[in-house]
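Novice: Could you have a look at this structure, given as structure tokens, before my questions?
The values are calculated or read from the model by the stated rules, or taken from the named source; none is laboratory data. As the structure is a computational prediction, the values presented were derived from the model and not from experiment. So basically every Cβ, Gly included, is an ideal-geometry build from the backbone, and we count neighbours across all protein chains shown.
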């Protein structure tokens, strides 16, 4: 039994398809299939059921894949430990970040990472929060930037910064000429929200529940940019995280941004990693860069005032 065979089994358990598993492992499909058969012969049990529609893991297959995943994790932790001793600030980090934050934070942070951690190779993975948590638990990524709360006793979290939400309304809306709004004024108004699976949707629903606003159920966006463009097209209003309102350019020229005068709806951003990781000191250094840069960008952002609360000048 080899580690490579275990990698093939884990990939097959993930994709439940020989072709996709082989592609992920960068081998031919016959090679992967033959190695899985070899592993089955060695263990003396069937690990998968094969048919024309794909692959089904047997009960033995599920157990073997889970154990293989843990073994591969331990091997990776051993490699990381050795790397940490040789050069704590070198190597590769697979970092996950969710899509309503990544495009707006990474351009500010990556140059700082390159400057302060020049020997570090950063591989960025953008996925929804639930997917990132699964990848983190299963060892497919090393750390992730996520919104709190994160309820997992196996993960270490390092708070980075708090990002407030702004109300985005179209030009010509009754709120458009104001700099701020009381959260109670949203009662009986509809907000456009993201589709299921985005953590930002959950935060926005909390604001709706608190303010008495409702979701515009006939429309659910797949991205923040879709929401922004719908506001720009005067379809409705939405909540935008503060970082996403920076440097919007001409594409959002008809979007007006309002702060909340009597409340502070926001989200807390943190970096998390497995407590078992041998690279905690490197993660702490990386988290410090994210923390300092994120807070600096938010601090330097000019607060909307009565005279200049528009996203861009007319």
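Novice: Restricting to region 104-126, name every residue that is surrounded by fewer than 19 Cβ atoms within 10 Å (Cβ to Cβ) and in contact with a helix residue (DSSP H, G or I) (Cβ under 8 Å, 6 or more places away or on another chain).
Specialist: Those that are surrounded by fewer than 19 Cβ atoms within 10 Å (Cβ to Cβ) and in contact with a helix residue (DSSP H, G or I) (Cβ under 8 Å, 6 or more places away or on another chain): 108, 112, 116, 117, 120, 122, 124, 125, 126.
The rows are residues; the columns are (1) touching a residue at least 12 places away in the same chain (Cβ under 8 Å); (2) touching a helix residue (DSSP H, G or I) at 6+ places or on another chain (Cβ under 9 Å); (3) within 27 Å of residue 291 (Cβ to Cβ).
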residue: 166; (1), (2), (3): yes, yes, yes
residue: 172; (1), (2), (3): yes, no, no
residue: 175; (1), (2), (3): yes, yes, no
residue: 198; (1), (2), (3): yes, yes, yes
residue: 209; (1), (2), (3): no, no, no
residue: 239; (1), (2), (3): yes, yes, yes
residue: 254; (1), (2), (3): yes, yes, no
residue: 257; (1), (2), (3): yes, yes, yes
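Novice: So which residues in region 208-226 are part of a helix (DSSP H, G or I) and exposed (fewer than 14 other Cβ atoms within 10 Å of the Cβ)?
Specialist: Passing the criteria: 209, 210.
Novice: Against the definition (closer than 19 Å to residue 103 by Cα, part of a helix (DSSP H, G or I) and in contact (Cβ under 8 Å) with a residue 40 or more places away in the chain), how does residue 243 come out, yes or no?
Specialist: Considered against the rule, which asks whether it is closer than 19 Å to residue 103 by Cα, part of a helix (DSSP H, G or I) and in contact (Cβ under 8 Å) with a residue 40 or more places away in the chain, residue 243 comes out as yes.
Novice: Could you please let me know if residue 155 is assigned by TED's automatic domain parsing to the domain that holds residue 289 and either within 15 Å of the chain's Cα centre (by Cα) or farther than 26 Å from residue 79 by Cβ (or both)?
Specialist: Answer is no for this residue.
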